[in-house]
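> What follows is a single structure, and I will ask about it in a moment.
The values are calculated or read from the model by the stated rules, or taken from the named source; none is laboratory data. Small disclaimer: the values here were computed from a predicted structure and weren't measured. Cβ placement follows ideal geometry from the backbone for every residue including glycine, while neighbour counts extend to all protein chains displayed.
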Amino acid sequence: MTLASERSAGPPQASAAPSGGSVLHDVKSVGAPHAITIAILAMGGEGGGVLADWLVDLAEHNGYFAQTTSVPGVAQRTGATVYYLEMFPEAATPAGSMPVMALSPVPGEVDVVLASELMEAGRALQRGLVSPARTTFIASNHRVYSMTERTAMGDGRVDADKLMAGAQAAAKKWIHADFAQLADQTGSLIAPALYGALAASGSLPFSRAQFEATITRGGVGVSTSLKAFAAGFAAALAGQTPAVKPEVSAMPKAGAKLTGLVERIRANFPSGNHATLVAGITRTADYQDLAYAARYLDRLMPLVHALPQDGAAAHELMDETARHLALWMSYEDTVRVADLKTRRSRFGRVGDEVKLNKTQHLGINEFLHPRIEEIADTLPAAWGRWLLRSSWAQSLLKPLINKGRVVQTSSIRGYLLLYAIAALRPLRPKSLRFGIEQQRISDWLKNIVELAPTQPALALEVARTQRLVKGYGDTHARGWGNYQRIMAKLPQLQTMPQGAAQMQSLSQAALADDGGQALDKLLAFV
């Protein structure tokens with residue numbers, strides 16, 4: 001805890017409005033003197049502590065006592081900390097006395113809340129720190145996904161739109177922008193950008209010049225911090241509103257090599273599905289080749305003819321089937337994993353995440369633990385089946401793979417190892433796994449096409465069962481097992497009036513836990 005001990009001469013000053021005009025601080029301006037309360041929710045490495053120190057310095061140099069505390073926590077992304085500050089005017093303090101300030105925020109009693117990321121904003125809402133009667137809520141609307149979101153068996157992402165709507169409803173004043181992007185553009189941390197937004201909000205009784213003077217007094221990274229401050233200030237003044245999803249054009253752009261397939265989409269598929277279909281051919285061509293992308297469209301043509309008359313239901317069924325087909329056709333095998341881990345874009349992304357500079361060397365270590373089944377899946381079909389049957393061959397391999405190994409893909413040796421595996425892509429169509437997956441995909445699509453004319457709702461839920469089958473190794477095996485158990489109930493569900501709803505419940509149960517207990521319970525009643 002830091003307790004301010006400096007006093008500045010003279011009474012607290014009136015603030016200068018962001019435009020330069022003079023205004024008085026408006027938080028509880030009527031009645032007895034009170035503390036200005038501020039909560040900052042930030043993750044490790046974002047400069048939350050620096051932001052808190054700047055606010056203390058700002059207050060102390062402009063006629064206020066200030067106190068700050070911090071409570072570290074864990075956000076399953078990086079350490080999350082809540083910084084809490086209180087400021088009290090010196091002029092309202094009897095001579096020889098010191099104000100007594102709280103050590104932590106009280107729900108409903110916080111004047112300003114700053115959140116460095118949208119999930120941190122959600123935590124502030126959950127804690128009740130934001131009040132429509134008094135709180136100025138400033139947050140960056142970018143996302144850093146938590147481990148629970150990343151490792152969910154299905155799509156575990158929190159709905160950002162709902163978070164934004166909740167923030168707007170809960171706050172007296174809601175200011176948001178992608179302050180992380182502004183920080184990146186100026187070569188700074190996010191803290192100065194949030195500081196600029198706070199200055200622009202007019203929620204504190206200090207002028208822009210006083211805010212900037214605090215950064216200058218810090219003496220570290222002054223130039224870049226002032227640039228980020230200015231960017232955040234301008235973004236806040238722009239009057240940010242809840243994010244609106246951009247309209248998607250009827251025919252998105254694709255690479256030159258995909259022109260022929262794009263024209264095929266234009267000629268043969270409903271216009272409302274073009275965006276998803278272009279994304280599908282882009283993904284499947286990247287996964288294998290142009291012929292594979294063409295096969296993706298071939299597989300969807302029977303559904304075009306089987307769809308019920310044009311409408312919302314038909315659009316949704318085609319869109320979901322096209323999306324999940326692209327995902328299934330680009331299943332994760334050893335070749336795909338090696339390919340993704342050796343791409344230049346990945347090294348660039350990791351470098352950006354750790355803020356690599358020109359004087360630093362990036363080292364990336366990968367833990368690889370292939371199973372016998374994954375090795376067999378990568379081999380030509382006949383060899384793969386032989387390996388799975390041969391106990392002596394497996395006994396020779398197991399000592400090499402049982403404990404796994406760490407490969408430094410940023411080294412020449414490690415990179416070439418994975419590059420060699422990725423180079424097997426042209427041979428993938430002859431592999432054991434490829435043949436198995438293509439048959440599974442065909443069976444899945446056949447069910448969808450057969451159901452589409454008479455039971456489109458059930459066909460839609462069948463299309464969505466693909467989300468159970470993902471990843472590789474044990475994750476894929478569990479998902480495929482759950483998928484098989486659910487699809488075994490399809491003939492029975494076809495005879496039930498609520499068959500579609502029942503299949504949806506089964507899929508949700510399969511995604512509820514890794515062990516399958518929820519699915520076991522539900523299957524017992526179907």
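> Which ranges mark the helices (runs of 4 or more DSSP H) fully within the stretch 136-225 that have 3 or more residues being within 30 Å of Thr465 (Cα to Cα)? Spell out the reasoning first.
Numbers: elements: 147-151, 160-170, 179-186, 190-201, 208-218.
So the answer is 147-151, 160-170.
> Specify the residue that is surrounded by the fewest Cβ atoms within 10 Å (Cβ to Cβ); the eligible residues are those in the stretch 187-201 that are among the hydroxyl-bearing types (Ser, Thr, Tyr) and at pLDDT 90 or above.
Keep residues of the stretch 187-201 that are among the hydroxyl-bearing types (Ser, Thr, Tyr), which gives 188, 195, 201.
Remaining after also requiring at pLDDT 90 or above: 195, 201.
Details: Tyr195: 28, Ser201: 19.
So, considering only residues that are among the hydroxyl-bearing types (Ser, Thr, Tyr) and at pLDDT 90 or above, the one surrounded by the fewest Cβ atoms within 10 Å (Cβ to Cβ) is Ser201.
> Being assigned to a helix (DSSP H, G or I) and exposed (fewer than 14 other Cβ atoms within 10 Å of the Cβ) is the filter here; which residues of the stretch 352-382 pass it?
Kept after step one, since they are assigned to a helix (DSSP H, G or I), are these residues of the stretch 352-382: 352-353, 372-378, 381-382.
Listed by number, the residues that qualify are Asp352, Glu353, Ala382.
> Pick out the one residue from Leu204, Leu226 that is crowded, with 24+ Cβ neighbours inside 10 Å and of a type outside the set (D, E, K, R).
Details: Leu226 fails: crowded, with 24+ Cβ neighbours inside 10 Å.
That would be Leu204, the only listed residue that is crowded, with 24+ Cβ neighbours inside 10 Å and of a type outside the set (D, E, K, R).
> Please specify each residue of the stretch 40-50 satisfying the condition of being surrounded by fewer than 24 Cβ atoms within 10 Å (Cβ to Cβ) and at negative phi.
Once the filter is applied, which keeps residues that are surrounded by fewer than 24 Cβ atoms within 10 Å (Cβ to Cβ) and at negative phi, the stretch 40-50 yields Met43, Gly44, Gly49, Val50.
> Considering every residue within the stretch 508-526, establish whether at least one is buried (at least 19 other Cβ atoms within 10 Å of the Cβ), under 23 Å from Val337 (Cα atoms) and at pLDDT below 90.
Scanning the stretch 508-526 turns up no residue that is buried (at least 19 other Cβ atoms within 10 Å of the Cβ), under 23 Å from Val337 (Cα atoms) and at pLDDT below 90.
> With the condition being in contact (Cβ under 8 Å) with a residue 24 or more places away in the chain and within 14 Å of Thr321 (Cβ to Cβ), I'd like the helices (runs of 4 or more DSSP H) fully within the stretch 431-526 carrying at least 1 qualifying residues. Break it down stepwise before answering.
On the way: elements: 432-451, 456-464, 474-487, 490-493, 499-510, 517-523.
Result: 432-451, 456-464.
> Go through (1) among the hydrophobic types (A, V, I, L, M, F, W, C); (2) loosely packed, with under 15 Cβ neighbours inside 10 Å; (3) closer than 16 Å to Tyr83 by Cβ and name the single condition Ala133 misses.
Every condition holds for Ala133 apart from (3).
> Only one of these is touching a Pro at 6+ places or on another chain (Cβ under 8 Å), surrounded by fewer than 17 Cβ atoms within 10 Å (Cβ to Cβ) and not hydrophobic (A, V, I, L, M, F, W, C): Pro453, Pro497, Pro426. Name it.
Values: Pro497 fails: touching a Pro at 6+ places or on another chain (Cβ under 8 Å); Pro426 fails: touching a Pro at 6+ places or on another chain (Cβ under 8 Å).
After applying the criteria, what remains is Pro453.
> Moving on. Inside the stretch 296-336, can you point out the residues that are closer than 30 Å to Leu418 by Cα and either among the polar types (S, T, N, Q) or without any contact (Cβ under 8 Å) to a residue 12 or more places away in the chain (or both)?
Going residue by residue through the stretch 296-336, those that are closer than 30 Å to Leu418 by Cα are 296, 323-336.
Hits for the stretch 296-336 are Ser330, Thr334.
> Does Thr495 qualify as being within 30 Å of Asn402 (Cβ to Cβ) and β-branched (Val, Ile, Thr)? So that I can check it myself, show each step before the final result.
Values: within 30 Å of Asn402 (Cβ to Cβ): no; β-branched (Val, Ile, Thr): yes.
No.
> Select, from Ser19, Ser70, Ser29, the only residue that is of a type in the set (Ser, Thr, Tyr), outside any helix (DSSP H, G or I), at pLDDT below 90 and within 17 Å of Ala197 (Cα to Cα).
Criteria check complete, one pass: Ser19.
> Being assigned to a helix (DSSP H, G or I), touching a Ser or Thr at 6+ places or on another chain (Cβ under 9 Å), in the same structural domain as Leu460 (by TED's automatic domain parsing) and among the aromatic types (Phe, Trp, Tyr), is that true of even one residue in the stretch 308-329?
Checking the stretch 308-329: not a single residue is assigned to a helix (DSSP H, G or I), touching a Ser or Thr at 6+ places or on another chain (Cβ under 9 Å), in the same structural domain as Leu460 (by TED's automatic domain parsing) and among the aromatic types (Phe, Trp, Tyr).
> Residues of the stretch 54-67 being crowded, with 19+ Cβ neighbours inside 10 Å and part of a helix (DSSP H, G or I), which ones? Walk me through it before giving the result.
In the first step, residues of the stretch 54-67 are kept if they are crowded, with 19+ Cβ neighbours inside 10 Å; the result is 54-56, 58-60, 62-67.
Within the stretch 54-67, Trp54, Leu55, Val56, Leu58, Ala59, Glu60 meet the criteria.
> Just to be sure, is Ala338 over 27 Å from Asp474 (Cβ atoms) and assigned to a helix (DSSP H, G or I)?
On the way: over 27 Å from Asp474 (Cβ atoms): no; assigned to a helix (DSSP H, G or I): yes.
In short, no.
Per-residue answers, yes or no, for (1) of a type outside the set (Val, Ile, Thr); (2) out of contact with any Phe, Trp or Tyr (no Cβ under 8 Å at 6 or more places or on another chain):
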{"residue": "Ile281", "(1), (2)": "no, no"}
{"residue": "Tyr287", "(1), (2)": "yes, yes"}
{"residue": "Ala294", "(1), (2)": "yes, yes"}
{"residue": "Gly311", "(1), (2)": "yes, yes"}
{"residue": "Ala314", "(1), (2)": "yes, yes"}
{"residue": "Leu325", "(1), (2)": "yes, no"}
{"residue": "Thr342", "(1), (2)": "no, no"}
